[in-house]
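Read through the structure below, which is laid out as structure tokens, and then see the notes.
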Amino acid sequence: MNMNGAHPLLKVKNLTKKFGDHFAIKEANLEVMRGERVVLIGPSGSGKSTLLRCINYLEVPTSGTVWLDGEYIGGRYNDDGSWVKDSPSQLTKKRQHIGMVFQSFNLFAHLSALDNVTLGPRWVLNMPKKEAVEIAQQLLEKVHLEEHSHKLPAQLSGGQQQRVAIARALAMNPKLMLFDEPTSALDPRLTNEVLDVMLELAEEKMTMIVVTHEIGFAREVADVVFFLEEATIVESAPPALLFSDPKDERTRQFLVDCNILK
């Protein structure tokens, strides 16, 4: 809970993920308030993407918990304190509240942009086709692709495909959006068109966690930046503070290596 008494939308507590003896993320703790924009930075392999994937249980944590707006993701505690795993259908229902945009666009190649966006509402939420199409059209307009709704992914640029992927995630009306390096596969020209859409979402107070190497985006959008290294959250602070006066030497060295600090 923050100082004004509001409750976090997301709480990650002591989250650890191991692959064999290797720690991918170790004892991670973070809270995200409703409407807050969080950015995760750090060197490749530091655990940023694993943390994101554990939040929506695409990776099942080895230990620790993820709590979103009143419910644990992945299971629940019984009255006797024992942990009971969610069934696949229970997990699917909880996951509906979390949208995720990946490095690769993961669109269905045989479906138009419009049909890619309507898929979730129609088949997961059982929304009537007419209503799903109306929502999809609104979202494609939101990401500036209304004129391309009939096109297949192969007929779209990488930036356009990623914007379709954002619209598809938004179609589920999520409480939380996760972005896993959404511009890493794009050239600089296409990167900006995706970042512009994300900026618009940020201005609308969409709650989001973004893994990115785009420090300019982090400066402009983030309420708080987390720096990770070697599977550990090293420190966090508002961007103006973290990028100018980091407390940990590991953060400082990373920013020097990235030509952000001298």
For this session: Counting only residues that are of a type in the set (Val, Ile, Thr), give me the strands (runs of 3 or more DSSP E) lying completely in region 70-179 with at least 2 of them.
Result: 98-101
Problem set entry | Subset of region 97-134 (residues that are touching a helix residue (DSSP H, G or I) at 6+ places or on another chain (Cβ under 6 Å), in contact (Cβ under 8 Å) with a residue 24 or more places away in the chain and surrounded by fewer than 20 Cβ atoms within 10 Å (Cβ to Cβ)) | PHE108, ALA109
Exercise. Across region 201-238, what is the number of residues that are within 16 Å of ILE166 (Cα to Cα) and in contact (Cβ under 8 Å) with a residue 12 or more places away in the chain?
Worked result: 10
Exercise. From the set of residues in region 140-194 that are among the small types (Gly, Ala, Ser) and over 30 Å from TRP67 (Cβ atoms), which is surrounded by the most Cβ atoms within 10 Å (Cβ to Cβ)?
Worked result: GLY159
Seminar exercise, completed: Residues of region 55-69 being of a type in the set (Ser, Thr, Tyr) and either assigned to a strand (DSSP E or B) or surrounded by fewer than 16 Cβ atoms within 10 Å (Cβ to Cβ) (or both), in sequence order, are THR62, SER63, THR65
Seminar exercise, completed: Checked region 18-57 for anything of a type in the set (Lys, Arg), within 17 Å of VAL234 (Cβ to Cβ) and more than 14 Å from the chain's Cα centre (by Cα); matches are LYS26
Problem set entry | helices (runs of 4 or more DSSP H) wholly inside region 182-262 that include at least 3 residues being of a type in the set (Asp, Glu) | 188-203
Problem set entry | Members of region 215-262 found to be among the β-branched types (Val, Ile, Thr) and surrounded by fewer than 15 Cβ atoms within 10 Å (Cβ to Cβ), listed by number | VAL256
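Coordinate-derived values only; no laboratory data. Because the structure is a prediction, the values reported are computed rather than measured. When we count neighbours, we look across all protein chains shown, and the Cβ atoms used for this are built from the backbone with ideal geometry, even at glycine.
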